[in-house]
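K.L.:
Mind looking over this structure? Questions follow.
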Amino acid sequence: MKLIVAIVQDEDAGRVVSELMDKGFGVTKLATTGGFLRAGNTTLISGVEDDKLDQVIGIIEKICKSREQITASTAPMGGGAAQGVFVPYPIRVTVGGATVFVLEVSQFIKV
Ligand code: 2BA
């Protein structure tokens, strides 16, 4: 058995959950925050039998689109009086698709 941990964009999460549920997979949705953008994203966890792994990854791949986001970055100004002054400026980053980790499950227990 595998545990899939998929970090997806909030916009895609609802559709991924619906499709996984429709196909009979269990899934848990967690509200998370990305370390770089400090913006909300969604982490989905799903335990699946080994032979279903490709099917679940296929669903995530099909629904999750990469998008460009504008975020504020800072760079120090030049020398002189401006030295040490940080000015925010917009930068464009491409955010996943989905970032997916697949972990081996040693035990699956429901009590
Ligand atoms: P964030 O950390 O908010 O990152 C959002 C996007 O910003 C990233 O998209 C990437 O395109 C860009 N980015 C991240 N760090 C950067 C840096 N140091 N310099 C320039 N651009 C940078 P994705 O790679 O698609 O990641 C989307 C989200 O997936 C991340 O949100 C984070 O929550 C998670 N993630 C990505 N890699 C991870 C990892 N190795 N471990 C745990 N979580 C990860």
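K.L.:
Please go through segment 39-61 and pick out each residue that is closer than 13 Å to Val100 by Cβ and charged (D, E, K, R).
P.N.:
If the condition is that a residue be closer than 13 Å to Val100 by Cβ and charged (D, E, K, R), then Asp54, Glu61 are the ones that fit.
K.L.:
Taking interchain pairs and intrachain pairs at least six residues apart, which have beta carbon atoms under 8 angstrom, with the first residue in segment 26-52 and free of Cβ contacts under 8 Å to residues at least 40 places away in the same chain and the second basic (Lys, Arg)?
P.N.:
Between residues of segment 26-52 that are free of Cβ contacts under 8 Å to residues at least 40 places away in the same chain and residues that are basic (Lys, Arg), the close pairs are Thr42/Lys29; Thr43/Lys29.
K.L.:
Quick one: which strands (runs of 3 or more DSSP E) sit completely within segment 21-111 and have at least 1 residues that are under 16 Å from Lys2 (Cα atoms), of a type in the set (A, V, I, L, M) and near the ligand (Cβ under 10 Å from one of its atoms)?
P.N.:
Strands (runs of 3 or more DSSP E) meeting the threshold: 98-104.
K.L.:
Can you find a residue in segment 74-97 that is of a type in the set (S, T, N, Q) and surrounded by 14 or more Cβ atoms within 10 Å (Cβ to Cβ)?
P.N.:
no
K.L.:
Do you know which residues across segment 1-20 are aliphatic (A, V, I, L, M), buried (at least 16 other Cβ atoms within 10 Å of the Cβ) and within 12 Å of the ligand (Cβ to nearest atom)? Before the answer, list the steps.
P.N.:
Looking only at segment 1-20, we keep the residues that are aliphatic (A, V, I, L, M), and these are 1, 3-8, 13, 16-17, 20.
Then keep just the ones that are buried (at least 16 other Cβ atoms within 10 Å of the Cβ); that gives 4, 6-8, 13, 16-17, 20.
Once the filter is applied, which keeps residues that are aliphatic (A, V, I, L, M), buried (at least 16 other Cβ atoms within 10 Å of the Cβ) and within 12 Å of the ligand (Cβ to nearest atom), segment 1-20 yields Ala6, Ile7, Val8.
K.L.:
Would segment 62-78 turn up any residue that is closer than 12 Å to Val8 by Cβ and of a type in the set (Asp, Glu)?
P.N.:
No; the residues of segment 62-78 include none that is closer than 12 Å to Val8 by Cβ and of a type in the set (Asp, Glu).
Each reported figure results from applying straightforward, stated rules to the coordinates on display, with no laboratory input. Just so it is clear, the model here is predicted, and its values are computed rather than measured. In this analysis, Cβ positions are derived from the backbone assuming ideal geometry, glycine residues included, and neighbour counts consider all displayed protein chains.
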